[in-house]
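Since the structure comes first, as structure tokens, the remarks are kept for the end.
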Amino acid sequence: MLVRRRRAMVAVKALLAATCGLLWQSCYVKAGAGERIETAPLLQTTERLVRGIAVREAKVGGLAGEVVIGNYYSPSHWDRMVGGTDSWREALMNGRAGDRDVAIAAFQLGKRRYCYEMQMGLWAGGTNWFPLDFSRSANDVKDLYLRAAGDGELVYHYRRGGPTGADAWLAGETSSTPAYLRGPLATGLGLAYGVPLSDFLRGALTRHTRVYACERERVEGADCYKLTLVGDGNLHLWQYELWISPQFGYAPVRMIRFFVSKDDARRGERIVDNWTDFRRMPNDVFLPHAYGSIVYYYESVGNAKGAWECSRRHEYKHLEIIEEPSLSLLDWFFPVGAIASTGPTHVGARLPPEQYDRVRGHLRKASAYAHASSSWVERAPKPEPALNRALTGEEIRELAQRYDSAARP
């Protein structure tokens with residue numbers, strides 16, 4: 001019995017020594033109630049999660065489908081967008097502007113070739129797809145239509161209903177990132193954040209960002225790793241929290257990005273993203289069919305009744321995994337009457353009708369979505385009370401301390 005106790009003590013001491021040796025780069029992976037609490041090397045776990053995200057991105061290969069997009073704006077957002085101009089306030093009072101946009105988009109995104117189009121169904125003017133134009137009413141958007149196609153070398157853009165009528169422009173293809181990992185559609189599917197999500201995380205960890213913690217949590221019915229990154233810049237402190245689900249093939253389920261001014265804890269920005277309604281696709285890939293994003297701004301002057309800035313919601317329809325778009329890109333070139341701009345001077349030249357004679361309403365099958373019902377429009381992401389506030393001075397000091405104690409990549 002005495003020998004067994006001595007052996008047990010030696011084993012415990014060895015375990016403690018090993019744990020202390022890894023303490024600078026370790027985190028506690030907190031399990032749910034009644035489950036065993038484990039310890040894992042923090043940087044090793046972070047790298048495993050990022051690799052899992054990269055594998056998921058590579059397994060997709062290409063995407064096709066439709067999406068309903070809704071954007072919702074606060075009064076403070078409008079003031080920021082238009083600088084508080086009298087013309088906007090007059091337009092709002094006269095019913096020529098609203099507080100939300102609703103659109104339908106159809107897309108086929110391969111690795112090199114891609115095509116997509118968007119038709120607005122309700123337009124407040126805040127979306128960056130079309131410029132502000134207060135000469136039209138908020139629901140007078142039949143001509144707000146956008147089309148784009150890329151063949152790997154050139155990108156064709158066509159916009160109907162611009163300030164000067166229909167126009168088109170041609171640009172050289174410069175990005176080496178696969179087309180299905182670019183743009184807001186990829187963000188809504190949890191594949192990218194401006195760049196592929198795996199590149200976004202690796203890039204963040206090279207810019208004064210450290211790994212603070214990794215915990216096991218259950219979010220939206222999925223077992224997740226909650227990864228917390230903290231950063232310290234010249235003017236701001238920041239924190240990223242990302243919930244990644246191995247259950248859904250290392251897909252992101254939730255992400256909170258927070259930035260706060262070092263000079264004033266009441267000034268900052270928080271962006272909350274949620275991906276839901278995951279479904280298994282071919283190649284054992286899980287894709288979310290719903291996405292919501294909420295932006296909060298904090299200011300020391302004004303905005304006293306709340307920090308909510310704007311919200312966005314995507315609902316994806318008929319998602320498919322593809323290799324490359326199967327349709328002919330000729331169907332996506334400039335239609336008759338478009339004014340084409342090329343080169344840095346943007347000098348327009350009318351295109352010859354015999355060269356571009358295909359004018360088709362690709363979105364006619366989606367017309368039921370284009371004028372989305374009011375019940376869908378009202379399904380905006382709701383601001384979360386716990387997040388709809390600025391930090392206190394004590395909280396910003398805690399954030400700074402987290403950076404000092406976090407693991408360095």
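Going by average Cβ density within 10 Å per residue, which order do the peptides 253-266, 109-122 take, highest to lowest?
109-122, 253-266
Sort 283-296, 132-145 for me by packing, meaning the mean count of neighbouring Cβ atoms within 10 Å per residue, highest on top.
So the order, starting with the most tightly packed, is 283-296, 132-145.
Too long at a 32 Å Cα-Cα cut-off: which of 262/317; 111/262; 59/317?
262/317; 111/262
Which ³J(HN,Hα) values, rounded to whole Hz and listed in residue order, are derived for segment 139-144 from phi using the Karplus coefficients 6.51, -1.76 and 1.60 in 6.51 cos²θ - 1.76 cosθ + 1.60 with θ = phi - 60°, glycine and proline given as x?
Karplus-based 3J(HN,Hα) across segment 139-144 equals 9, 9, 10, 4, 9, 8 Hz.
Express the Stokes-Einstein translational diffusion coefficient of segment 171-262 in µm² s⁻¹, to the nearest whole number, given a Kirkwood radius over alpha-carbon pairs, 20 °C and a viscosity of 1.002 mPa s.
For these conditions, the coefficient is 149 µm²/s.
Given R₀ = 51 Å, what would the calculated FRET efficiency be for residue 151 paired with residue 398, taking r from the Cβ atoms and rounding to 0.05?
Given R0 = 51 Å and the Cβ-Cβ separation, E is 0.50.
Ordering 392, 276 by accessible area with a probe of 1.4 Å, largest first, what comes out?
If we order 392, 276 from most to least accessible, we get 392, 276.
Take the Cα atoms of segment 57-160, build their convex hull, and give its volume per residue in Å³.
119
What does the accessible area of residue 271 come to, in Å² to the nearest 10, when a probe of 1.4 Å is used?
Only protein atoms counted, so the area is about 20 Å².
Distance in nm between label sites at residue 281 and residue 208, each 7 Å beyond Cα in the beta-carbon direction?
3.7
Summing Lys, Arg as +1 and Asp, Glu as -1, what charge do residues with Cβ under 10 Å from the Cβ of residue 129 carry, residue 129 excluded?
0
Work out from phi, with θ = phi - 60° and the Karplus expression 6.51 cos²θ - 1.76 cosθ + 1.60, the ³J(HN,Hα) of each residue of segment 66-71, listed in order in whole Hz, and give x for Gly and Pro.
Taking θ as phi minus 60°, the curve returns 10, 8, 9, 10, x, 10 Hz for segment 66-71.
Consider just the alpha-carbon atoms of segment 109-217 and return their Rg together with their Dmax, both in angstrom.
18.0, 54
The values are calculated or read from the model by the stated rules, or taken from the named source; none is laboratory data. Bear in mind that the values here come from a model prediction, so they are computed numbers and not experimental data. Glycine also receives a Cβ, built like all others from the backbone with ideal geometry; neighbour counts cover every protein chain displayed. Ligands, DNA and RNA are excluded from the accessible area calculation, which covers all protein heavy atoms including side chains. Shrake-Rupley method; radii C 1.70, N 1.55, O 1.52, S 1.80 Å.
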